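The values are calculated or read from the model by the stated rules, or taken from the named source; none is laboratory data. Values in this document were obtained by computation on a predicted structure and should not be read as measured data. Ligands, DNA and RNA are excluded from the accessible area calculation, which covers all protein heavy atoms including side chains. Shrake-Rupley method; radii C 1.70, N 1.55, O 1.52, S 1.80 Å.
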Amino acid sequence: QVRLVESGGTLVQAGESLRLSCAASGSIFSINAMAWYRQAPGKQRDVVASLTSGGITNYADSVKGRFTISRDNAKNTVYLQMNSLKPEDTAVYYCFAELKTHLRGTWYDYWGQGTQVTVSS
(Lines give C-alpha, C1' and ligand atoms only; values in the text may rest on other atoms or scores of the structure.)
Protein backbone atom coordinates (compact mmCIF):
# COMPACT_ATOMS: atom_id res chain seq x y z
CA GLN A 1 0.00 0.00 0.00
CA VAL A 2 1.40 3.38 -1.04
CA ARG A 3 0.43 6.65 0.56
CA LEU A 4 1.25 10.24 -0.31
CA VAL A 5 0.72 12.64 2.55
CA GLU A 6 0.92 16.39 2.07
CA SER A 7 1.52 18.94 4.79
CA GLY A 8 2.18 22.63 5.15
CA GLY A 9 -0.99 24.18 3.79
CA THR A 10 -2.38 27.08 5.78
CA LEU A 11 -3.69 30.65 5.62
CA VAL A 12 -1.11 33.31 4.75
CA GLN A 13 -1.05 36.95 3.70
CA ALA A 14 -0.24 38.03 0.16
CA GLY A 15 3.50 38.36 -0.32
CA GLU A 16 4.39 35.75 2.27
CA SER A 17 6.08 32.41 1.72
CA LEU A 18 5.04 28.85 2.41
CA ARG A 19 6.61 25.43 1.93
CA LEU A 20 4.56 22.34 1.21
CA SER A 21 5.86 18.83 1.79
CA CYS A 22 4.70 15.49 0.48
CA ALA A 23 6.05 12.21 1.79
CA ALA A 24 5.51 8.95 -0.05
CA SER A 25 5.45 5.83 2.07
CA GLY A 26 4.69 2.16 1.74
CA SER A 27 5.96 -0.49 -0.62
CA ILE A 28 7.94 1.71 -3.02
CA PHE A 29 10.61 0.36 -5.33
CA SER A 30 11.27 3.42 -7.45
CA ILE A 31 9.79 6.88 -8.01
CA ASN A 32 9.97 8.54 -11.40
CA ALA A 33 8.30 11.93 -11.63
CA MET A 34 6.85 13.86 -8.73
CA ALA A 35 4.70 16.93 -9.08
CA TRP A 36 2.37 19.39 -7.47
CA TYR A 37 -1.07 20.20 -8.83
CA ARG A 38 -3.67 22.61 -7.56
CA GLN A 39 -7.39 23.01 -7.85
CA ALA A 40 -9.28 26.19 -7.06
CA PRO A 41 -13.04 26.12 -6.41
CA GLY A 42 -14.96 25.63 -9.65
CA LYS A 43 -11.82 25.05 -11.69
CA GLN A 44 -9.99 22.03 -13.01
CA ARG A 45 -6.91 20.55 -11.41
CA ASP A 46 -3.79 21.95 -13.08
CA VAL A 47 -0.12 21.14 -12.77
CA VAL A 48 1.92 23.69 -10.85
CA ALA A 49 5.38 22.15 -10.97
CA SER A 50 6.98 18.84 -11.81
CA LEU A 51 10.33 17.22 -11.24
CA THR A 52 11.67 14.09 -12.89
CA SER A 53 14.01 11.60 -11.28
CA GLY A 54 16.71 13.08 -13.52
CA GLY A 55 16.22 16.53 -12.07
CA ILE A 56 14.30 18.17 -14.90
CA THR A 57 11.79 20.73 -13.66
CA ASN A 58 8.80 22.36 -15.28
CA TYR A 59 6.60 25.12 -13.93
CA ALA A 60 3.29 26.65 -14.84
CA ASP A 61 3.78 30.12 -16.27
CA SER A 62 1.80 31.62 -13.40
CA VAL A 63 4.32 30.45 -10.80
CA LYS A 64 7.64 30.72 -12.63
CA GLY A 65 10.13 32.70 -10.61
CA ARG A 66 8.07 32.36 -7.43
CA PHE A 67 7.76 28.61 -6.77
CA THR A 68 10.50 26.01 -6.55
CA ILE A 69 10.01 22.26 -6.56
CA SER A 70 12.62 19.97 -5.02
CA ARG A 71 12.84 16.43 -3.76
CA ASP A 72 14.74 14.34 -1.26
CA ASN A 73 15.05 10.93 -2.87
CA ALA A 74 16.31 9.31 0.32
CA LYS A 75 13.11 10.35 2.07
CA ASN A 76 10.77 9.90 -0.92
CA THR A 77 9.65 13.44 -0.28
CA VAL A 78 8.88 16.32 -2.61
CA TYR A 79 8.67 19.97 -1.59
CA LEU A 80 7.14 23.08 -3.03
CA GLN A 81 8.62 26.37 -1.88
CA MET A 82 6.15 29.13 -2.63
CA ASN A 83 7.29 32.74 -2.41
CA SER A 84 5.53 36.01 -3.09
CA LEU A 85 2.17 34.34 -2.73
CA LYS A 86 -0.86 35.92 -4.36
CA PRO A 87 -4.58 35.54 -3.65
CA GLU A 88 -4.91 33.71 -6.98
CA ASP A 89 -2.63 30.99 -5.60
CA THR A 90 -5.45 29.99 -3.27
CA ALA A 91 -6.33 26.36 -3.95
CA VAL A 92 -6.11 22.81 -2.72
CA TYR A 93 -2.62 21.58 -3.55
CA TYR A 94 -2.19 17.92 -4.47
CA CYS A 95 0.96 15.86 -4.56
CA PHE A 96 1.50 13.44 -7.44
CA ALA A 97 4.00 10.64 -7.91
CA GLU A 98 4.62 8.16 -10.68
CA LEU A 99 6.14 5.09 -9.08
CA LYS A 100 6.36 1.33 -9.08
CA THR A 101 6.28 -1.03 -6.16
CA HIS A 102 8.68 -3.69 -7.45
CA LEU A 103 11.40 -4.14 -10.05
CA ARG A 104 9.24 -5.65 -12.81
CA GLY A 105 6.16 -3.69 -11.84
CA THR A 106 4.23 -1.15 -13.83
CA TRP A 107 4.50 2.57 -13.31
CA TYR A 108 1.35 3.82 -11.60
CA ASP A 109 0.13 7.28 -10.67
CA TYR A 110 -0.57 8.11 -7.04
CA TRP A 111 -2.16 11.17 -5.48
CA GLY A 112 -2.20 12.71 -2.05
CA GLN A 113 -5.35 13.85 -0.30
CA GLY A 114 -4.60 17.53 -0.79
CA THR A 115 -3.72 20.43 1.46
CA GLN A 116 -5.48 23.79 1.49
CA VAL A 117 -3.50 26.95 0.79
CA THR A 118 -5.35 30.21 1.28
CA VAL A 119 -3.75 33.55 0.47
CA SER A 120 -5.54 36.62 1.77
CA SER A 121 -5.10 40.05 0.23
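Considering only Thr68, Thr52, Thr106, the mean-square fluctuation computed in a Gaussian network model of the chain, springs between alpha carbons under 10 angstrom, is largest for Thr106. Accessible surface computed residue by residue for the chain, with neighbouring protein chains in place and a 1.4 Å probe, gives 54 Å² per residue.
Per residue, the convex hull spanned by the Cα atoms of the chain amounts to 97 cubic angstrom. Within the accessible surface of the chain, defined with a 1.4 Å probe on protein heavy atoms only, the carbon and sulfur portion equals 46 percent. Each Cα pair under 8 Å and six or more residues apart adds its separation to the average, and for the range 1-92 the resulting relative contact order is 32 percent. Here the Karplus relation 6.51 cos²θ - 1.76 cosθ + 1.60, evaluated at θ = phi - 60°, turns the backbone of the range 59-76 into coupling constants of 10, 5, 4, 5, 10, 4, x, 10, 10, 9, 9, 8, 8, 10, 5, 5, 9, 6 Hz, with x for every Gly and Pro. For the range 80-91, the Karplus equation 6.51 cos²θ - 1.76 cosθ + 1.60, evaluated at θ = phi - 60°, returns couplings of 9, 8, 10, 10, 6, 5, 10, x, 6, 7, 4, 4 Hz by residue, with Gly and Pro reported as x. Solvent-accessible surface of protein heavy atoms, probed at 1.4 angstrom with all chains present, puts Tyr79, Tyr93, Tyr108 in the order Tyr108, Tyr79, Tyr93, largest first.
The alpha-carbon of Lys75 sits under 19 angstrom from the alpha-carbons of these lysines, leaving out residues fewer than 8 places away in its chain: Lys100. Would you give the gap between the C-alpha center of the range 1-50 and the C-alpha center of the range 53-107, rounded to a whole Å? The two parts, judged by their Cα centres, are 6 Å apart.
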